[in-house]
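Please treat every number below as a calculation from the coordinates, not as lab data. Since the model is a prediction, treat every value here as computed from it, not as a measurement. Here Cβ is always computed from backbone atoms with ideal geometry, including for glycine, and neighbour counts include all displayed protein chains.
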Amino acid sequence: MKQIFENKVYRLVSNKRPLAFMLASRHNRRSPLLHFDEDTGVNRPLRYARNQKSPFEDEQDGNAILEPIVFEDGMLVVQKQNQVLQKFLHLHPGNGTIFYEINKKQDAADQLEYVEAELDAQILARELETEKLLTVCRVFLGAAVDKMSIPELKRDILIYAKNQPFEFLEILDDPMLEMQDHVAQFFAQSLLIYKNNNKDVYFNLPKNKSKMLTVPFGEEGVYIVASYMQSDDGIETYKLLKKALKKDK
């Protein structure tokens, strides 16, 4: 298949886009520009020289003409005739952190995927039956669900599905959904409680006030407890709390 060359546009990642930003264009101690070669296991220094055919310094001759790489108003356009600069930017360690290539086709595909997921999520959210609606809302919205009316729940879950479509669709297919619903109810009815700034989960039963587990940093408590209750060690605890939950209802 014939390779197609095209103009490429790059944009600085930072929201702060100066009138002119000069990108490091050659390897040195102050600004190391190295590309790890997977074939040889060697870090190869990069250097942009407009009269060379390769962005690798070890493949360039002694007549390299260096020139600055300048983003103006946060943007840089590289014509298809300047393949060495396009290759250099592709390999540059700052690609993805300092700047990125604008890909209109990929952006459009990503936007289409999001819009379709948003539509699917809202349709499914609208069609949820009352029992499933309550289950989903407890997982997404927390303890306040049992004090809300059905119209309020439908409104909030539609908003959630619109704003977080991928997460909403994923949880609907999650086999742990029912388990997470029960765990949310355990917390709502104070059969389980958080302590130590929500770091630890404790039992809050008449004869059991012991610690159940510690929630790992960055994780969500209901999910962690539900995961534990699916284990061999936690299944009996789950059965016990379900019985207590039925007594309280």
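Taking a straight Cα-Cα cut-off under 18 Å and skipping sequence neighbours fewer than 8 places away in the same chain, the aspartates and glutamates within cross-link reach of residue 154 are 118, 120, 127, 129, 131, 146, 167, 181. Remark on residue 33: its backbone amide H falls under 5 Å from those of 27, 28, 46, a criterion applied only to residues 5 or more positions apart or on other chains, H modelled at 1.01 Å from N. Phi-derived couplings, Karplus 6.51 cos²θ - 1.76 cosθ + 1.60 at θ = phi - 60°, listed residue by residue for the stretch 219-224: 9, 9, x, 4, 5, 5 Hz, with x used for Gly and Pro. Applying the criteria of a DSSP loop state and at most 16 other Cβ atoms within 10 Å to the GluC sites (Glu not before Pro) of the stretch 105-138 yields 127, 129. Modelled this way, with points 7 Å down the Cα-to-C-beta line, the labels at residue 167 and residue 207 are 4.0 nm from one another. Database remark: amide H of residue 102 closer than 5 angstrom to the amide H of 9, 10, 11 (H placed geometrically; neighbours at sequence offset of 5 or more, or on other chains; Pro and chain starts carry no H). Note on the chain: dipole from Cβ charges, positive end direction compared against 48, 133, 212; the farthest Cα belongs to 212. Taking the Cα atoms only, what angle lies between the long axis of helix 177-188 and the longest principal axis of the chain, rounded to 10 degrees? Computed tilt is about 60 degrees. Taking the Cα centre of the chain as reference, the dipole from Cβ charges on Lys and Arg (+1) and Asp and Glu (-1) amounts to some 840 debye.
Within the shell of other residues whose beta carbon sits under 15 angstrom from the beta carbon of residue 196, the net charge comes to +2, with Lys and Arg scored +1 and Asp and Glu -1. Taking P(r) over Cα pairs in 10 Å bins from 0, in percent straight from the coordinates, which label in [x] 7, 31, 38, 19, 4, 0; [y] 6, 21, 19, 13, 16, 16, 8, 2, 0; [z] 7, 29, 32, 21, 10, 2 is the correct one? The value matching this structure is [y]. A 29 angstrom limit on the alpha carbon distance is what I want to check against. Which of 2/53; 105/132; 132/207 exceed it? Correct reply: 105/132; 132/207. How far apart, in nanometres, would the label points at residue 1 and residue 243 be if each is projected 7 angstrom from Cα along the Cα-to-Cβ direction? It works out to 6.3 nm between the two label points. Seen against the Cα atoms of the chain and their longest principal axis, helix 104-126 is set at about 10 degrees. Spin-label model, residue 72 to residue 17: label points 7 Å out along the Cα-to-beta-carbon direction sit 1.4 nm apart. Under 19 Å from a point 7 Å along the Cα-to-Cβ line of residue 120: which residues of the stretch 141-168 have their amide N that close? The answer is 158-168.
Helices in the chain, meaning DSSP H runs of at least 4 residues, each add -39500 (n - 2.57). Divided by all residues, the mean residue ellipticity at 222 nm is -13000 deg cm²/dmol.
Rounded to the nearest 0.05, the FRET efficiency derived from the C-beta distance between residue 152 and residue 105 at R0 = 35 Å is 0.25. Potential lengthening of the chain between residue 31 and residue 199 amounts to 56.3 nm, from the contour at 0.36 nm per residue minus the alpha-carbon distance.
Annotation: lysines with alpha-carbon distance below 21 angstrom to residue 104 (same-chain offsets under eight excluded): 8, 80, 87.
Quick one: which residues, 5+ away or cross-chain, put their amide H under 5 Å from the amide H of residue 208? H built at 1.01 Å from N. For residue 208, whose amide H was placed from the backbone, there are no distant partners under 5 Å. Per-residue 3J(HN,Hα) values for the stretch 73-79, derived from phi via the Karplus relation 6.51 cos²θ - 1.76 cosθ + 1.60 with θ = phi - 60°, read 6, x, 10, 9, 9, 10, 5 Hz in sequence order (x marks Gly and Pro).
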